[in-house]
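Notes to accompany the following structure.
Bear in mind these aren't lab numbers, they're just calculated from the coordinates by the rules spelled out. Just so it is clear, the structure is predicted and the values come from calculations on it, not from any experiment. Every residue, glycine as well, gets a Cβ built from its backbone with ideal geometry; the counts of neighbours run over all protein chains shown.
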Amino acid sequence: MFYDFPSCSDHIQQGDIFINIPFVAFDSWDELSVLEEGEEPVSLTWEEIVTGKKDVVAILGIVPVPAIVATQTCDAQRKERITLCRIVELSEFSPFKEYEKKSPSRLAADLVTENRKRPGLFYLASDERIGFSKKMAVDFTNTIAVKREALEKFSANRKGRLNKIACEHFREKLSHFFHRYAWNEWYILNREEITSHKEYSNYKPERLYNWQK
């Protein structure tokens with residue numbers, strides 16, 4: 001659909017899709033299983049580990065996941081480490097939990113709308129050649145750092161690459177996700193202007209700036 005299929009000898013590029021990338025399943029700091037010399041594993045919180053000020057060996061789960069190269073192509077060919085973003089099933093994002101039950105028209109509308117307004121999501125169509133039997137999505141909040149030389153040796157696990165059109169969109173969404181920041185657009189209005197504005201005039205005083213009260 002919107003994938004290319006490079007040979008194993010091609011250089012790593014932004015938009016390359018790998019399968020079976022090792023991902024550390026580190027979901028909680030509340031309880032970590034730690035190995036101490038001559039003893040059975042014990043459970044410690046991250047706070048206890050930091051307070052102890054010593055290196056520890058922890059038992060963590062590792063799972064194989066699909067991932068996509070987020071690092072720019074020029075850096076992916078020379079930097080020591082490459083950043084990938086994890087790929088997950090589209091159903092992990094709301095409102096796609098049961099997308100198979102949607103009509104084609106409803107699904108099409110949701111795909112366009114949600115892909116546009118959700119900065120942390122990048123839609124990937126299903127394609128058996130890559131190994132995607134279901135609709136997938138890139139989760140920009142979930143990154144994995146891998147040494148470039150290690151990933152180059154893993155080239156057989158690169159199953160595809162975004163084509164030119166999709167990669168341009170991927171770069172745009174990726175840059176938007178990491179450079180966006182929250183700001184209050186109404187700060188530019190003075191007291192008279194904000195009072196007359198149909199949306200901001202209903203704001204309570206605690207939401208306003210001093211020059212607007």
Original post:
Under the Karplus relation 6.51 cos²θ - 1.76 cosθ + 1.60, θ = phi - 60°, what is the ordered set of whole-Hz ³J(HN,Hα) values for the range 112-117, x standing for Gly and Pro?
Top reply: 5, 5, 6, 5, 7, 8
Original post:
What are the ³J(HN,Hα) values, in whole Hz, obtained from phi via the Karplus relation 6.51 cos²θ - 1.76 cosθ + 1.60 with θ = phi - 60°, for each residue of the range 4-10 in sequence order, with x given for Gly and Pro?
Top reply: 10, 10, x, 7, 4, 7, 5
**OP:** Report which label in (i) 68, 52, 41; (ii) 53, 42, 33; (iii) 60, 50, 28 holds the value of Cα extents along the principal axes in Å derived from the coordinates of this structure.
**Re:** (i)
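When a footprinting reagent is the concern and you count Cβ atoms within 10 Å, what order do E92, E37 take, fewest first?
Details: E92 12, E37 5.
Fewest-to-most Cβ neighbours within 10 Å comes out as E37, E92.
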Original post:
Do any of K54/K153; K54/K159; K97/K164; K164/K198; K79/K164 go past 32 Å between their Cα atoms, and which?
Top reply: K54/K153; K54/K159; K164/K198
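Please state, to two decimals, what the Cα-based radius of gyration of the range 118-213 comes to when divided by 2.2 N^0.38 Å (N = residues).
Values: Rg = 22.4 Å, N = 96, 2.2 N^0.38 = 12.5 Å.
Rounded to two decimals, the normalised Rg is 1.80.
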Original post:
From the backbone phi of the range 61-74, what are the Karplus-calculated ³J(HN,Hα) couplings (6.51 cos²θ - 1.76 cosθ + 1.60, θ = phi - 60°) in whole Hz, Gly and Pro given as x?
Top reply: x, 10, 10, x, 9, x, 8, 10, 6, 9, 4, 4, 4, 5
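Counting Lys and Arg as +1 and Asp and Glu as -1, each charge on the Cβ, what is the dipole of the chain about the Cα centre in debye, to the nearest 20? List each step's numbers first, then the result.
Details: 31 positive and 33 negative charges, 239 e Å.
With Lys and Arg at +1 and Asp and Glu at -1, about 1140 debye.
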Original post:
With each run of n ≥ 4 DSSP H residues scored as -39500 (n - 2.57), what mean residue ellipticity at 222 nm is computed for the chain after dividing by its residue count and rounding to the nearest 500 deg cm²/dmol?
Top reply: -7000 deg cm²/dmol
Subject >> Nearest-20 debye value, the range 1-107 charge dipole, Cβ charges on Lys, Arg, Asp, Glu >> reply: 740
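Give the residue list of trypsin sites (Lys or Arg not before Pro) in the range 55-107 that are DSSP loop and have at most 12 other beta-carbon atoms within 10 angstrom. Can you show the working numbers first?
On the way: sites: R78, K79, R81, R86, K97, K101, K102, R106; in loops: R78, K79, K97, K102.
When the trypsin sites (Lys or Arg not before Pro) of the range 55-107 are filtered for loop state and at most 12 Cβ neighbours within 10 Å, R78, K97 remain.
Mind checking the range 98-140 for GluC sites (Glu not before Pro) that DSSP puts in a loop (not H, G, I, E or B) and that have at most 10 other Cβ atoms within 10 Å? Before the final figure, lay out the partial values.
On the way: sites: E98, E100, E114, E128; in loops: E98, E128.
Taking the range 98-140 and a limit of 10 other Cβ atoms within 10 Å, the loop GluC sites (Glu not before Pro) found are E98, E128.
Quick check on the exposure proxy: order H179, H11, H169 from fewest to most C-beta atoms within 10 angstrom.
Result, fewest neighbours first: H179, H11, H169.
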